[in-house]
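J.: Handing you a structure now.
The values are calculated or read from the model by the stated rules, or taken from the named source; none is laboratory data. Nothing here was measured: the structure is a model prediction, and the numbers come from that model. All Cβ positions, glycine included, derive from the backbone under ideal geometry; neighbour counts span all protein chains shown. These area figures cover heavy atoms from the full protein model, side chains too; ligands, DNA and RNA do not enter into them. Shrake-Rupley method; radii C 1.70, N 1.55, O 1.52, S 1.80 Å.
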Amino acid sequence: MKSVGLIMLSFIVTSALGQRFTINGTVRDSVSGEHLINASVINLRSLQGSTTNNYGFYSITQTADSILFRISYVGYQNQIIKFLLAKDTVVNVMLSYGTTLKEVVIDGSAAEKAHESTRMGTIDMPMNQIKSLPAFLGEVDVFKVLQLLPGVQSGSEGSSGLYVRGGGPDQNLTLLDGVPVYNASHLFGFFSVFNADAINHVELVKGGFPARYGGRLSSVIDINMKEGNNKKIQAEGSIGLVASRLTVEGPIGHSRNTTFIVSGRRTYIDILASPLIRLTTKGDERAGYYFYDFNAKINHRINDRNRVFLSMYSGDDKAHAESRYIADNTFETYDNQDNLGLKWGNVTTALRWNSIINKKLFSNASATFSKYQFLVSADSRETITRPDSVTVDYFKTRYQSGITDYALKADLEYLPNPKHYVRFGGQAIDHTFSPGVLNYHSTEISDTTLGSRKTRTQEFALYAEDDFLVTTALKVNVGLHASALAVEGKVFKSLQPRLSARFLITPKFSVKASYAHMTQFIHLLSNVGIGLPTDLWVPATARIGPENSYLTSAGASYTLKNQYEFTIEGFYKNMKGLIEYKDGADYLNVESDWQDKVEVGKGSSYGAEFFAHKKTGKISGWIGYTLSWANRTFPNINEGRSFPYRYDRRHDLKIAAIYEVKPLKELSLTWVYGSGAAVTLAKSSYLQSPGTLSHYYNADGQTIINYGDRNSYRMRPYHRLDLSYTITKKMKWGERSWSFGIYNAYSRRNPFFLDRTQDDKGRQKFVQYSLFPIIPSVAYRFKF
């Protein structure tokens, strides 16, 4: 009987150990209570693990046994948890932010090492690095940091625009808490609309797109706002040369189940410039410009399984110019008033409910609103007063365009076991496009409205993907994104397969490959480039179809000492359905429909990117290099011959470094080098008719200019060094810091544009104009 008992006991224990149970929970910051995105959770005994999603949730199913959990996040102290897994278990973890004293003693483990992930062309940017790098005029800018990554071009000098792997600005899907932001630029492109103090996480996807992303061809910039400190009321902000900002966050009530964050930023360029303008114009003219941003978010924890969020963003740029001229004589008084206004901005709102449906299934449902509007106004009033009469003449014009979205979306994440991470969901978007409407009213003409009519479209999408481990070495992400657009009685349909895989050669070295088909149902009509409010959003129509891209990439990734990540990627992208204004056409020609003003063509881009990144330590930063080609082909442009894209760069090198000189003292620098931009210049000129001749013009004839092939000339290479030094001091009330920066430290005269002019002898020549010389800046930052 004793032997039978031992056998039965052994059988029970063996059976129990053979069972599988699920461990799930959340990972948060111990100080603020913020959920940590992409934190790594791994069982060191089985070497199986997972990462937290955008709401800090993870789930791992393991065999009943002794568990040794390591939870890590970049810049935070690792936490080791040991327990016996005998039933489904909830493990919520709080991580403490790691600081270095004399040496690096913290294992700055990222969520998932680059060599382990199936994803290609994806870069996670720590917010502490974004805030530490040199800032243009002292304003920390997320987009300007993303410009320092391989495969990303900045456009023109000082611009915050992003041109990713040969794509245009409309091909970037910019998401703020899951809501599209259609114009992400302030000050005509010199700053982005995102306040770094209100941001928790930034991710750039420029290749190997998972099936959950769709709607754009070139990149996804996924930005998540902070949720709000649930421990205490906290405030931080800064005062700079051109703008100031303030962020306040904290719990609401004693239960700490509800948190809030509000953040605001405003320039005072208008206040600083106003006295100078009045002095130089003797008070007859006034002008001004400013922009502002406002972010707010409320996060409520219903219970351990359910939370709701309400977030919003509002931002505007406003410019105005006013003048008045009064003249008196014996017979009459003349009074003329002119006003010019320019305004553009975004409003976004998201209501989100996420729920842990069960131990393996997580859901996120959201209703969102996004609106972008651009308005130009011009008013003139002329009043003539005579002894016996008063005559008034006036005119008013309004030109406006924009896009408005209402959307519903559901995303579900299912983790059946450590070998599979399944995501599926769908969305529906109602778009209303206003491509450009001109309203004119004057003394002699009643209200007249010209321009394209509003167009309403409906966009739908479904997706499913699985990131699964085939063998210990082979991991694959396979998915399908299906989308459709209903417009003007026509339905466009698209099936977009996605596939990416990585194969571990060694535990630290892997090779990868991916393929992604992307479809875009909206276009951007752009005269010049990113950031200008005159860019118009228009939908695919029965005449002008959607854009498509087919991106193939392959590469390798290596992690050294758990601190240094090296990746190299080669890519080829083929694009169809691209549009561009015909020669001489622009947005102000409202008499004709926009579809009559564009050409439809194709494009391609290919190249290789190298990236070395160190995210933590006394010295951190990265080096990125890109060798690439980007071309466009339109049947009626450049006589149908392919030509370099405006922002094609053959060589692009970027270095960013942060050095902790001493505790609370930090030196950072960035250095960029890029091949010259492609431009179109006149090659020769001749006279259309004879007359009194000079070499380039005559009194009776007309000069004809031959420009040659489009973008066949290269401007001088672009390079620039930026420096920053920050001193932080702990105070009784919190901490304060001074940041001193230098933009373009060796005052390189980088080309902004070239202009054709004449020398003293009447000979034609080209003159280079530069925008920014060396510019010092200072900013005061505080936190309490």
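J.: Quick one: how many residues across region 468-516 are under 21 Å from R423 (Cβ atoms), open to solvent by 30 Å² or more (accessible area, probe 1.4 Å) and not small (G, A, S)?
T.: Qualifying residue count, region 468-516: 11.
J.: Further question: Could you check how many residues of region 745-784 are open to solvent by less than 40 Å² (accessible area, probe 1.4 Å) and either touching a Phe, Trp or Tyr at 6+ places or on another chain (Cβ under 6 Å) or among the acidic types (D, E) (or both)?
T.: 2
J.: Another question, if that's okay. Among L217, L241, which is the only one that is under 23 Å from the mean Cα position of the chain (by Cα) and either open to solvent by less than 20 Å² (accessible area, probe 1.4 Å) or not charged (D, E, K, R) (or both)? Before the answer, list the steps.
T.: Working: L241 fails: under 23 Å from the mean Cα position of the chain (by Cα).
Exactly one residue qualifies, and that residue is L217.
J.: Looking only at residues in region 22-67 that are small (G, A, S) and open to solvent by 10 Å² or more (accessible area, probe 1.4 Å), which one is nearest to E227 (Cα to Cα)?
T.: Filtering first and then ranking leaves S32.
J.: Could we say that S160 is at pLDDT below 90, open to solvent by less than 10 Å² (accessible area, probe 1.4 Å) and farther than 19 Å from T519 by Cα here?
T.: Judged against the criteria, S160 is a match.
Residues are listed down the side, and each one gets a yes or a no for (1) modelled with pLDDT under 90; (2) touching a Cys at 6+ places or on another chain (Cβ under 9 Å); (3) open to solvent by 10 Å² or more (accessible area, probe 1.4 Å); (4) β-branched (V, I, T):
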| position | (1), (2), (3), (4) |
| --- | --- |
| V202 | no, no, no, yes |
| G207 | yes, no, no, no |
| R212 | no, no, yes, no |
| N224 | no, no, yes, no |
| G228 | yes, no, no, no |
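J.: Restricting to region 746-784, name every residue that is assigned to a strand (DSSP E or B) and within 30 Å of T728 (Cβ to Cβ).
T.: Within region 746-784, the subset assigned to a strand (DSSP E or B) is 753-758, 764-769, 775-783.
Across region 746-784, the qualifying residues are I775, P776, S777, V778, A779, Y780, R781, F782, K783.
J.: If you don't mind, another one. Here are N631, N638: which of them is under 19 Å from A677 (Cβ atoms), open to solvent by less than 50 Å² (accessible area, probe 1.4 Å) and at pLDDT 90 or above?
T.: Criteria check complete, one pass: N631.
J.: Looking only at region 703-742, count how many residues are open to solvent by less than 40 Å² (accessible area, probe 1.4 Å) and assigned to a loop (DSSP other than H, G, I, E, B).
T.: The number of residues fulfilling the criteria is 3.
J.: Can you tell me which residue in region 343-362 is most open to solvent (accessible area, probe 1.4 Å), limited to those that are touching a Phe, Trp or Tyr at 6+ places or on another chain (Cβ under 8 Å) and of a type in the set (S, T, N, Q)?
T.: T349
J.: Same structure, new question: When region 303-339 is examined, which residues are found to be open to solvent by 90 Å² or more (accessible area, probe 1.4 Å) and touching a residue at least 12 places away in the same chain (Cβ under 8 Å)?
T.: D304, R305, R324, Y325, F331 - these are the residues of region 303-339 that are open to solvent by 90 Å² or more (accessible area, probe 1.4 Å) and touching a residue at least 12 places away in the same chain (Cβ under 8 Å).
J.: Looking at F369, F374, which one is in contact (Cβ under 8 Å) with a residue 60 or more places away in the chain, open to solvent by less than 30 Å² (accessible area, probe 1.4 Å) and either basic (K, R) or in a strand (DSSP E or B) (or both)?
T.: F374
J.: If you don't mind, another one. Looking at (1) within 23 Å of V164 (Cα to Cα); (2) open to solvent by less than 20 Å² (accessible area, probe 1.4 Å), which is the only condition H651 fails?
T.: (2)
J.: Same structure, new question: Could you list, in sequence order, the residues of region 339-363 that are in a strand (DSSP E or B) and farther than 30 Å from Q400 by Cβ?
T.: R352, W353, N354, S355, I356, I357, N358, L361, F362, S363
J.: For region 631-646, state whether one or more residues are in a strand (DSSP E or B), free of Cβ contacts under 8 Å to residues at least 40 places away in the same chain and basic (K, R).
T.: Checked against the condition, which is being in a strand (DSSP E or B), free of Cβ contacts under 8 Å to residues at least 40 places away in the same chain and basic (K, R), region 631-646 yields no hits at all.
J.: Looking for something aromatic (F, W, Y) and not in a strand (DSSP E or B) - is there at least one such residue anywhere in region 318-336?
T.: Yes: region 318-336 contains one or more residues that are aromatic (F, W, Y) and not in a strand (DSSP E or B).
J.: Quick one: in region 450-467, which of the residues that are under 30 Å from K396 (Cβ atoms) and open to solvent by less than 30 Å² (accessible area, probe 1.4 Å) is nearest to the chain's Cα centre (by Cα)?
T.: T455
J.: Now a separate question. When only residues in region 611-624 that are in contact with a Gly (Cβ under 7 Å, 6 or more places away or on another chain) and either assigned to a strand (DSSP E or B) or open to solvent by less than 20 Å² (accessible area, probe 1.4 Å) (or both) count, which is nearest to W671 (Cα to Cα)?
T.: Looking at the filtered set, the residue picked out is F611.
J.: Being within 22 Å of F782 (Cα to Cα) and at pLDDT 80 or above is the requirement here; does M127 meet it?
T.: In short, yes.
J.: Turning to a different aspect of this structure: Can you report the number of residues in region 188-207 which are over 30 Å from A554 (Cα atoms) and among the β-branched types (V, I, T)? Talk me through it step by step, then tell me what you get.
T.: Initially, region 188-207 is screened for residues over 30 Å from A554 (Cα atoms), giving 188-200.
Now narrow it down to the ones that are among the β-branched types (V, I, T): 193, 199.
So the count comes out to 2.
J.: Hey, can you tell me all the residues within region 80-94 that are surrounded by fewer than 12 Cβ atoms within 10 Å (Cβ to Cβ) and touching a Lys or Arg at 6+ places or on another chain (Cβ under 9 Å)?
T.: I80, N92
J.: So which strands (runs of 3 or more DSSP E) are wholly in region 517-600 and hold at least 1 residues that are in contact with a strand residue (DSSP E or B) (Cβ under 7 Å, 6 or more places away or on another chain), surrounded by fewer than 18 Cβ atoms within 10 Å (Cβ to Cβ) and at pLDDT 90 or above?
T.: Per the criteria, 547-560, 564-581.
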